[in-house]
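To start, the structure under review is shown below, and the notes come after it.
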Amino acid sequence: MSNYSNQVFINCPFDDEYLTMFRAIIFTVLDCGFIPRCSQEFSNATETRLKSIVTLIRKCKYGIHDISRVEHDRNTKLPRFNMPFELGLFHGAKVFGSGQIRSKACVILEKEKYRYQKFISDLAGIDIKSHNNSTQEVIFEVRNWLSTASKRRTVPDANKIFSRYKKFKKNFKTTCSDRSIDINNMPFIEFTKNISDWLKINQNIIEPLFH
Amino acid sequence: MESEKRKVKYHPNVHFQEDSIILKEAILSAFKEFKKKSRSLEKATKAIEEIAEETRPSKTFLKYIDEIEKLPKPSEKATKAIEEIVEAARSSKTFLKYLDEIKKLPKPSEKATKAIEEIAEETRPSKTFLKYLDEIKKLYEPSEEATKAAIEEIAEAARFSKVFLKHLKNIKDLPKPSEKTVEDIEKLAELNKSSKKEILKNINAYIENSKFLNETLLRADQLKQIIEEHRNE
């Protein structure tokens with residue numbers, strides 16, 4: 001578990017509506033020098049989903065939990081419990097685990113500041129960050145929390161991350177469009193690789209190759 | 001504030017065998033940029049080469065100049081001696097012809113150089129020679145008539161000297177300027193119209209400073225020796 005302190009577990013909705021926010025979080029985590037992990041990366045069909053999630057939580061020191069999507073699902077008309085459940089798992093690991101597992105740290109994101117109290121009042125007293133469904137706000141919140149929790153001085157400035165994210169988004173959209181690639185259906189790992197490459201390319205050269 | 005750069009990391013399950021779309025695009029973009037720069041560089045290089053071709057001497061010319069510069073310059077003594085001899089032998093048609101021949105000669109071959117060295121060894125100024133030189137000088141001074149007589153005597157002596165004729169033959173046997181040399185000089189003149197003065201200056205320097213003058217000196221010295229020998233007979 002040598003990379004334990006670099007790994008960030010992302011527990012958030014994976015629907016199309018949340019995709020922009022999800023991608024902004026992935027970008028921020030990578031730009032801050034961490035590795036985003038989430039249940040979308042599983043390919044091993046033999047393992048149960050829950051087992052995979054537990055394994056992933058064990059590997060990650062940090063956790064980002066967005067509980068903003070608790071509304072009824074459009075198709076099933078039922079509420080989604082995955083995010084609160086995974087948040088509970090993460091919290092349980094920290095409380096009942098041993099060794100470095102106990103050093104886990106997480107941030108809880110919500111749409112509005114005190115809304116959570118109405119559906120998950122157990123979290124009262126815990127600092128929850130609101131993003132108002134804004135990519136800029138979610139980038140700022142995630143960056144500031146990672147900087148504080150990790151105490152790393154290498155975490156870039158929030159404005160710089162946001163500026164880079166906008167540039168990346170534009171470049172990536174154009175590039176994918178030119179190659180007739182469906183940007184919305186790109187697998188999670190492939191997407192992270194594109195971000196890592198983009199960040200590497202644009203940090204090592206004076207003039208960005210993408211204009 | 002960013003106090004130092006963070007290290008960008010990759011997801012542990014990333015397949016590095018396959019390039020990402022971003023990387024492919026970056027490579028393509030860099031390639032296009034390189035191609036664009038390369039094209040403009042090619043244009044600039046061509047233009048520079050054209051200018052250089054027009055304005056600077058060709059490689060052959062530079063090589064030729066280098067060779068000219070390497071040639072030994074005649075010493076003061078040698079120049080003086082040549083002047084004396086030319087002055088003395090002005091009326092001798094054979095001597096003038098001989099001088100003309102020398103001037104026409106290309107760079108001496110190894111064989112010729114060796115022959116010249118041998119001659120020089122043979123004709124190294126002896127006490128008698130120096131004495132003879134003094135006598136010649138004295139001859140110039142008294143009267144025009146005496147000078148004329150002395151010159152005639154030298155010319156006559158040279159004309160019948162077997163040794164002189166032998167060496168004259170040697171000189172004649174030396175290779176004539178090759179067609180290529182002539183062609184090179186013509187080419188140089190053509191190529192360097194703009195620096196014609198410079199070429200002429202260097203060609204003059206070549207003629208003035210070349211080994212041929214030293215050969216002249218050696219041969220002239222030899223001639224004197226022959227004359228002396230002839231006199232003593």
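The values are calculated or read from the model by the stated rules, or taken from the named source; none is laboratory data. Note that the coordinates shown come from a computational prediction; the quantities given were computed from them, not determined experimentally. Neighbour counts are summed over all protein chains in view; Cβ atoms, including those assigned to glycine, are modelled from backbone coordinates with ideal geometry. Each accessible area value is taken on the protein alone, full model and side chains, heavy atoms only, with ligands, DNA and RNA left out. Shrake-Rupley method; radii C 1.70, N 1.55, O 1.52, S 1.80 Å.
General remarks:
- Condition check for A:Q117 on (1) part of a loop (DSSP other than H, G, I, E, B); (2) closer than 19 Å to A:N133 by Cα; (3) open to solvent by 20 Å² or more (accessible area, probe 1.4 Å): one failure, at (1).
- Taken together, the criteria exclude A:L19 from residues that are away from every other protein chain (no Cβ under 14 Å), within 27 Å of A:K151 (Cα to Cα) and not in a loop (DSSP other than H, G, I, E, B).
- Selection of the range A:36-67 for residues being in contact (Cβ under 8 Å) with a residue 40 or more places away in the chain and surrounded by 20 or more Cβ atoms within 10 Å (Cβ to Cβ) yields A:P36, A:C38, A:L56, A:I57, A:C60, A:K61, A:Y62, A:G63, A:I64, A:H65, A:D66, A:I67.
- In the set (1) assigned to a helix (DSSP H, G or I); (2) within 13 Å of another protein chain (Cβ to nearest Cβ); (3) surrounded by 13 or more Cβ atoms within 10 Å (Cβ to Cβ), A:R152 fails one condition alone, (1).
- Selected residue [under 29 Å from A:V70 (Cβ atoms) and within 11 Å of chain B (Cβ to nearest Cβ)] from A:I139, A:I161: A:I161
- Candidate set from the range A:68-78 (those that are more than 19 Å from A:K129 (Cβ to Cβ) and either in contact with a His (Cβ under 6 Å, 6 or more places away or on another chain) or not in a strand (DSSP E or B) (or both)); member that is least open to solvent (accessible area, probe 1.4 Å): A:D73
- Selection count where residues are of a type outside the set (S, T, Y) and open to solvent by less than 30 Å² (accessible area, probe 1.4 Å), scope the range A:125-139: 4
- Given (1) under 19 Å from A:P36 (Cβ atoms); (2) without any contact (Cβ under 8 Å) to a residue 60 or more places away in the chain, index of the condition A:Q117 fails: (1)
- A:R164 buried (at least 18 other Cβ atoms within 10 Å of the Cβ), within 21 Å of the chain's Cα centre (by Cα) and part of a helix (DSSP H, G or I): yes
- Here A:R102 meets the list (1) within 26 Å of A:W198 (Cα to Cα); (2) part of a helix (DSSP H, G or I); (3) free of Cβ contacts under 8 Å to residues at least 60 places away in the same chain; (4) not hydrophobic (A, V, I, L, M, F, W, C) almost entirely, failing just condition (1).
- Count of the range A:121-153 residues which are touching a Ser or Thr at 6+ places or on another chain (Cβ under 6 Å) and of a type outside the set (V, I, T): 2
- Those residues of the range A:175-200 which are within 9 Å of chain B (Cβ to nearest Cβ), open to solvent by 40 Å² or more (accessible area, probe 1.4 Å) and farther than 18 Å from A:G33 by Cα, in sequence order: A:D178, A:R179, A:I181
- Selection count, the range A:167-188, where residues are aromatic (F, W, Y) and more than 18 Å from the chain's Cα centre (by Cα): 1
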